Every structure is written in C-alpha cells, then in structure tokens.
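Remarks on the structure that follows.
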Amino acid sequence: MTQMRIFLSVLALVLALAPVAMAQVQMPNFKEMSGSVLPVPDVPAGTVSVRVVRGGPGQNIPGQAVEFSIDGKPRTEKTDAEGRAQVSGLRAGTRVRAVAVVDGERLESQEATVATSGLRIILVATDPEAAAREAEDKRMATLPAVKGIVVLGPESRIIAEMSDDRLNVFYILDVVNSARTPVDIGGPLIFDLPTEARGATVLEGSSPQATANGPRITITGPFAPGSTMVQAAYELPYSGGTAYLDQTWPAALQQLTVLVPQLGGLGITSSQVETKREMQDQGGQQLIVASGPGLAAGQTLSVAISGLPHHPAWPRNVALALAAAIVAWGIWAAVFATPRRRVA
C-alpha cells in the first residue's frame, strides 16, 4: 500500500466519523462569514433578513442602520433587539445587496437574487477586544519557549483497517499546547509503537516536526500554541483471528476513540472502552466507533481486534510434522541402515 493510498483511507474514515464528533469540530472564523447569503426555508419567499453582529454569535447590534439596495434603489431599515433588519414583498428576480457601517467599518454583503425561498444575510463587525486578544496571541506565539506540557486532544484517535489481507493501524495525534506561548516539554514526544509494528510512516499533511524511525514516531519540540497535527500509520501483523494492540501514551490522552470498519464481523474488545456504537459512512460501510475516558501519560491502552480473516494453522502444522518425520527417517536410514547392509 502506497503512502498516498494510506492517507486517502485515513481521510475517508475520519470524514465518516465526523457526525459522531461534531461537537469537537472547531467552528470557522465567524468574521470570514460576513456578507454571505444563504437561501433558507424558514424565511418567507420574497423576504431578505439581515443580522448584524460584533465579532460572533450572541453579540447582536440593535438599532443599527442597514441600507438595502433593491434593484439599485436604496432603502434603510434598523435592526431590532436581535440585531435583525429585513425587507419583504420582493418579487422573484429582484437583486438585493445590504450595507451597514459599524464604528466606521463598512460591511457589505454579496449581491443576492430573490428566488423561491427567503434569504438570510449576516454582517460581522470587528470586535476590538477580540482583535486585540488575537494580536496579543500572535505576539506571544513568537516568544521563546518556556517549560510546559502538552496533551493529546479530543481529536486524537486510532483507526484500524483491513486492506489486502493486512491490518493497517492509523494514529491521528492532536498534540495540544493550551499555553499562549511555545512550550518545551524537556525533549521530543516519543511514541513507541507495538513491538510487532512494521512499516511505520508519517503521512502527508502532518507537522514537519514528526518523523518515523523503525517502530517509533518522534515529534520534536518546541510546541506552538494550539494544535500540532500528526498522522502516522503502520502495519500490525497478527496470527489467528485476533490482533492485540498495546500502546503506551507519552502524554495524557483526553479522549479515547477507536474506529474500525466492520468488515466480515470485525469487533473491538477493551476494558478501557466504555461505549461502542455502529454507524455507516457515506458509502454505506458499517463502522464500529469505540470510546472511553482519557488516559494518563505513561498509561497503556490495550485493544483486541477480533474477527480478522486468517487461514487455519493445522494444515501447516501437519505439513511441518510430516516434513520433520521424513527428515528423521532419512537420517536414521543414512546412519543405521547402511552399516547393516555392509555387515550382511
């Protein structure tokens, strides 16, 4: 399996897990949504509703003048207590644009055309306090590293997938530094993979701080504020119908999540798993999602993956026994039978 193919497999499985971990997904920059137009069924056709906020949700700006351009003709409305201003009764095909000036900052929407549903527009003014915090965070991120710790955030997970009669294991490692400055943990973050692991590699899209060397993944510091994302993969050889994965974490794992596509009756067993659920990915493939509480730094996760395809061992054992018997007979014949014939 090539590195790109492994990477695409990981990406597909992560996307399949997205509905389960929706609460963990980071929201996009709200400011970047300013001026966007969204057709919605809960607004009557021919109505355009504009909401003006400062910085993000919940920071509505009441009493704000909003100028609508309706087929080039201006019309001004003021926002209500929820920061909304709207115009109604527009015919299909009408072109509309909304503009608001907040503390000297001009906010302008995209041009929209009225169709068979209502339209929502959001205008997001800059929050001076948030902007100041962001500028300060950027400044502090450039300071020299200080002694500190990192953890493996809730986006970290393990994915095990059968492919070409091989069990491939993927780690998505979300290394989180919650400080506002870079931190030095006193050395690199080292993941010693299971002793059976082979072909370990760091996948495309990972932080350049991560490298693979034998059955080991190393992430060098210092660690910048926020997340350092690393995706790694290896093959886990097994015999029989069950594979055993034991992984010791060099940093605290905030949330345990293990994902396995349920091909041919695969299953997950671990005393550290509290809940298991089944779901389907976008292609209809059945998945097992196992989760549990976080693990402390230095604690070992032990997982058994059962139901793996394998060939029974007894034919091989019988063949080896027969071969051994033939060899033993040959040795006996060579050592004992020839002298007897000479005596005769």
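Table for the structure above
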{"read-out": "Cut-off 14 Å between beta-carbons: net charge of the residues surrounding Ala45, Lys and Arg +1, Asp and Glu -1", "value": "+1"}
{"read-out": "Straight-distance crosslink candidates among lysines, where the alpha carbon sits under 27 Å from Lys138 and sequence neighbours closer than 8 are dropped", "value": "Lys31, Lys147"}
{"read-out": "Cα pair distances in segment 30-130, grouped into 5 Å bins until the bin that holds the longest one, percent each", "value": "3, 15, 26, 27, 18, 9, 3, 1, 0"}
{"read-out": "Charge context of Val303, other residues only, Cβ under 15 angstrom, K/R +1, D/E -1", "value": "-2"}
{"read-out": "Mean Cβ count within 10 Å, highest first, over the residues of peptides 66-73, 269-276, 231-238, 255-262", "value": "255-262, 231-238, 66-73, 269-276"}
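Taken together, the values in this text are just the output of simple stated rules run on the coordinates, not laboratory data. Keep in mind it's a predicted model, so treat the numbers as computed, not measured. Virtual Cβ from ideal backbone geometry, glycine too; neighbours counted across all protein chains shown.
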